[in-house]
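Presented below is the structure to which this report refers.
The values are calculated or read from the model by the stated rules, or taken from the named source; none is laboratory data. Note that the structure is a prediction, hence the values are computed from the model and not measured. Note: ideal-geometry Cβ built from the backbone for every residue, glycine included; neighbour counts use all protein chains shown.
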Amino acid sequence: MAKKSTDRIKARRPVAARNKPAPRAKLRLVKPVHKDRVLITGAAGFLGSHLCDRFLKEGFHVIGMDNLITGSLKNIEHLFKREDFEFYHHDVTKFVHVPGDLRYILHFASPASPIDYEKIPIQTLKVGSLGTHNLLGLARVKKARILVASTSEVYGDPKVHPQDESYWGHVNPIGKRSMYDESKRFQEALTMAYHTYHGLETRMVRIFNTYGPRMRLNDGRVVPAFMGQALRGEDLTIFGKGDQTRSFCYVDDLIEGIYRLLLSDYAGPVNIGNPKEVTIKQFAQEILKLTRTDQKLIYKPLPSDDPMQRQPDITLAKKLLKWQPKVDRAEGMKRTYAYFKSLSKAELNEKEHFSFEKYARK
Ligand code: UDP
């Protein structure tokens, strides 16, 4: 009869060894190594690259996919030597094929800043609609669970404050942000239809303003814009009077919330963000203090459809996922500043917003 494992533990050590201290077992933090494969679209982007890091750390085999319009290989080049990471240069609005099994799909491919989606409006609409459709189809074939990245933009310029998941939003369907907002709203509707009609396991995260290392310097969003301006010695451009508010979440907190949501059993949309609200003017002043620069604040016209206030109600995430943000703005901005400071002079002065033209010429 095979010995029980407890018998082995109880077995006596040889007499000669009994007087010596028992060798101490080496303390090792055991990584859960498993073969589950996860597909992350938008892998070379800000959030996608952090998701790749997180899933690799959890022991998954990660397949990253990106068409590199707004993403950058620099965000994932540290992963290229790993055997548990693969990268596909592919546009998800075209048929998506991935050989082998998939346990999870995380759909994070999309331009995500107002100047991006104004410049590539049709691509933005397609990635949230056709791209999501392709990935939902892939999830069905692979019997995978899919989590799609939605956004606080589904609430538009909200009439309810703070925004909870039951609010339907106030969106201009043909406005300056409509290509992003409506493609994400369509994405939610399509994802929910796959859940109810096909019984697919789906998850939806509504992401509020998030910041941290690997944001693209020239993507026009307020954090990289102010950081770049401070580092180049330029004045900080405030749109409007700067009394519009945002609530900024540090990227590590967001990734933790997404990871927990994926593993939960809840198919409805869930807000993930940091409820701490700040006006853009106050935020600019905080950045001047942090960067110890004495530039001025200068005022530019407020872009149309720029939401006046935004703050997530995270009651649901707290209850469902036992999650809430841990990194406060001062600490998060310190880490983010360290990243932007580490960029080369050439990168700091890079004027090109993204490589769509290069991509389109191919
Ligand atoms: N903003 C600003 N100056 C800039 C860039 C942005 O005042 O150089 C403002 C922008 O008008 C908005 C807020 O900062 O009210 C956040 O803008 P962002 O593009 O980061 O995100 P979103 O508007 O999508 O929340």
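Take the conditions away from the ligand (no atom under 13 Å from the Cβ), charged (D, E, K, R) and touching an Asp or Glu at 6+ places or on another chain (Cβ under 9 Å) and apply them to residue 188. Does it pass?
no
Out of 330, 338, 267, which single residue is away from the ligand (no atom under 14 Å from the Cβ) and in contact with a His (Cβ under 7 Å, 6 or more places away or on another chain)?
267
Name every residue in the range 218-230 that is more than 6 Å from the ligand (Cβ to nearest atom), within 22 Å of residue 45 (Cβ to Cβ) and not small (Gly, Ala, Ser), in order of residue number.
218, 219, 223, 224, 226, 227
List pairs: first residue in the range 110-125 and over 16 Å from residue 93 (Cα atoms), second residue within 14 Å of the ligand (Cβ to nearest atom) and among the small types (Gly, Ala, Ser) anywhere in the structure, Cβ distance under 7 angstrom, at least six positions apart or on different chains.
Taking only residues 6 or more apart or on different chains, the pairs are 113/220; 114/220; 115/220.
Based on this model, can you work out whether residue 152 counts as within 14 Å of the ligand (Cβ to nearest atom) and either in contact with a Lys or Arg (Cβ under 8 Å, 6 or more places away or on another chain) or more than 21 Å from residue 304 (Cα to Cα) (or both)?
yes
Of the conditions (1) at pLDDT 95 or above; (2) within 13 Å of the ligand (Cβ to nearest atom), residue 304 clears all except one; give me its number.
(1)
Could you check residue 197 against (1) more than 13 Å from the ligand (Cβ to nearest atom); (2) in contact (Cβ under 8 Å) with a residue 24 or more places away in the chain and say which number it fails?
Every condition holds for residue 197 apart from (2).
Have a look at 133, 97, 89 and point out the one that is touching an Asp or Glu at 6+ places or on another chain (Cβ under 8 Å), closer than 25 Å to residue 62 by Cβ and not β-branched (Val, Ile, Thr).
Among 133, 97, 89, only 89 is touching an Asp or Glu at 6+ places or on another chain (Cβ under 8 Å), closer than 25 Å to residue 62 by Cβ and not β-branched (Val, Ile, Thr).
In the range 176-216, what residues are of a type in the set (Val, Ile, Thr) and under 23 Å from residue 163 (Cα atoms)?
191, 202, 205, 207, 210
Exactly one condition in (1) over 21 Å from the mean Cα position of the chain (by Cα); (2) under 16 Å from residue 164 (Cα atoms) is false for residue 270; which is it?
(1)
When the range 112-160 is examined, which residues are found to be surrounded by fewer than 23 Cβ atoms within 10 Å (Cβ to Cβ) and touching a Ser or Thr at 6+ places or on another chain (Cβ under 6 Å)?
Correct list: 125, 126, 129, 130.
Got at least one residue in the range 168-189 being among the hydroxyl-bearing types (Ser, Thr, Tyr) and surrounded by fewer than 22 Cβ atoms within 10 Å (Cβ to Cβ)? Lay out the reasoning, then the answer.
First, pick out the residues of the range 168-189 that are among the hydroxyl-bearing types (Ser, Thr, Tyr): 178, 180, 183.
Now narrow it down to the ones that are surrounded by fewer than 22 Cβ atoms within 10 Å (Cβ to Cβ): 178.
Checked against the condition, which is being among the hydroxyl-bearing types (Ser, Thr, Tyr) and surrounded by fewer than 22 Cβ atoms within 10 Å (Cβ to Cβ), the range 168-189 yields at least one hit.
State whether the residues of the range 310-319 include one that is out of contact with any Lys or Arg (no Cβ under 7 Å at 6 or more places or on another chain), of a type in the set (D, E, K, R), modelled with pLDDT of 95 or more and part of a helix (DSSP H, G or I).
Taking every residue of the range 310-319 in turn, at least one turns out to be out of contact with any Lys or Arg (no Cβ under 7 Å at 6 or more places or on another chain), of a type in the set (D, E, K, R), modelled with pLDDT of 95 or more and part of a helix (DSSP H, G or I).
Kindly indicate which of 56, 130, 79 is away from the ligand (no atom under 16 Å from the Cβ), under 24 Å from residue 195 (Cα atoms) and at pLDDT 95 or above. Steps first, please.
Values: 56 fails: under 24 Å from residue 195 (Cα atoms); 79 fails: under 24 Å from residue 195 (Cα atoms).
After applying the criteria, what remains is 130.
Residue check: is residue 214 within 11 Å of the ligand (Cβ to nearest atom) and within 26 Å of residue 306 (Cα to Cα)?
Answer is no for this residue.
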